[in-house]
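Here the structure comes first, spelled out in structure tokens, and everything after it is commentary.
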Amino acid sequence: MSVNQGSPVQGAQVVGRIALLLRLVGRNPAGTPLAEIVRDSGLTRPTVHRLLSSLAAEGILDHDPISHTWHYGPEIFVMGAVAAQRYPIEELARPSLQRLAEETGESAFLSIRRGTETVCLLREEGSFPIRSFVLHEGVRFPLGVASAGIAILAFLPEAEAEQLLVQDEAFVARWGEQHSPDAIRANLSRTRVTGYSVNPGLIFEGSWGMGAAIFDRANRPTWALSLTGIEPRFRPERQQVLGQLLLEEANRITRLLQKPGLPGDPG
């Protein structure tokens, strides 16, 4: 892939920019407009357009000329299919998501930690007709914001968790004072006691979520299961039931992941 920046740019910087743009495009399965990508990337419009066009020429991205939005292209699907063979988490987690959705009626999700964020990988719809649409495949949240990120952050080493709680003005402007370091710490403390996290409508009023961490072979919280729905479905008396179901399924997946002989197993 040839990328003409118009001025010398270090190769690592170009790679970093491309990775950023791919993450931004993938946030919305319905497509992402150029203006939004430019705004959130911090890059100039000509630079973003050149990079996106280069990725499209390689089949990595697609551009919809009618909606004027950018989408993942067919090469991303091929790469994902190949990579999935090394990471069995989706295959192992899908039965748990199906059980959670069936038993609770809520929408169930699998998310993975990527650096300072969580990314939603899988969704299983529940039968309850009123749903929360805050979470969907590809959406990203900072650790500590949504229920999956709270569950993961709570069981990281304390020093590491504290480093991740450093925030700037842009974070506060985007996520509000309800996600201040002190507010997140209080939620982390509650999560460590119960084992599961609760997001009481902190992102969107009336949209609640709960989560439980899944641990890798190094016993680090790397993924999380979560349930989302409307506030009346998450009353205190039901939270214990939902939390126990989440913990049972998260523990089930953790045990499966820690068995020897899975794809990518170094042993």
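The values are calculated or read from the model by the stated rules, or taken from the named source; none is laboratory data. Predicted, not measured: the structure shown is a model, and the values here were computed from it. For neighbour counting, all protein chains shown are included, and Cβ atoms are generated from backbone atoms with ideal geometry for every residue, glycine included. Heavy atoms of the whole protein, side chains included, go into the accessibility calculation; ligands, DNA and RNA do not. Shrake-Rupley method; radii C 1.70, N 1.55, O 1.52, S 1.80 Å.
Selection within the stretch 40-68: residues that are in a helix (DSSP H, G or I) and within 23 Å of residue 119 (Cβ to Cβ). The member of this set that is most open to solvent (accessible area, probe 1.4 Å) is 40. Grab the strands (runs of 3 or more DSSP E) fully contained in the stretch 176-267, keeping just those with 1 or more residues being of a type in the set (Phe, Trp, Tyr) and within 22 Å of the chain's Cα centre (by Cα). In the stretch 176-267, the matching strands (runs of 3 or more DSSP E) lie at 207-215, 221-230.
Residues of the stretch 23-39 that are open to solvent by 20 Å² or more (accessible area, probe 1.4 Å), modelled with pLDDT under 90 and in a helix (DSSP H, G or I): 23 alone. Test residue 159 against the criterion of being surrounded by 11 or more Cβ atoms within 10 Å (Cβ to Cβ), assigned by the TED database to the domain that holds residue 252 and either basic (Lys, Arg) or out of contact with any Cys (no Cβ under 6 Å at 6 or more places or on another chain) (or both), and give yes or no. Taking the combined requirement at face value, the residue does not satisfy it. Yes or no: residue 3 in a helix (DSSP H, G or I) and either among the β-branched types (Val, Ile, Thr) or at pLDDT 90 or above (or both)? When the stated conditions are applied, residue 3 does not pass them.
Looking across the stretch 162-187, just one residue is of a type in the set (Asp, Glu) and open to solvent by less than 80 Å² (accessible area, probe 1.4 Å), and that is 162.
Within the stretch 117-163, the set of residues being closer than 24 Å to residue 88 by Cα, modelled with pLDDT under 90 and not aliphatic (A, V, I, L, M) comprises 126, 136, 137, 138, 140. Do we have any residue at all in the stretch 72-90 that's under 18 Å from residue 214 (Cβ atoms), at pLDDT 85 or above and in contact with a Lys or Arg (Cβ under 9 Å, 6 or more places away or on another chain)? No, there is no match, as no residue in the stretch 72-90 is under 18 Å from residue 214 (Cβ atoms), at pLDDT 85 or above and in contact with a Lys or Arg (Cβ under 9 Å, 6 or more places away or on another chain).
Scanning the stretch 172-222 for residues that are hydroxyl-bearing (Ser, Thr, Tyr) and farther than 14 Å from residue 149 by Cβ turns up 180, 189, 194, 207.
Looking at 218, 250, which one is open to solvent by less than 20 Å² (accessible area, probe 1.4 Å) and modelled with pLDDT of 90 or more?
That would be 250, the only listed residue that is open to solvent by less than 20 Å² (accessible area, probe 1.4 Å) and modelled with pLDDT of 90 or more.
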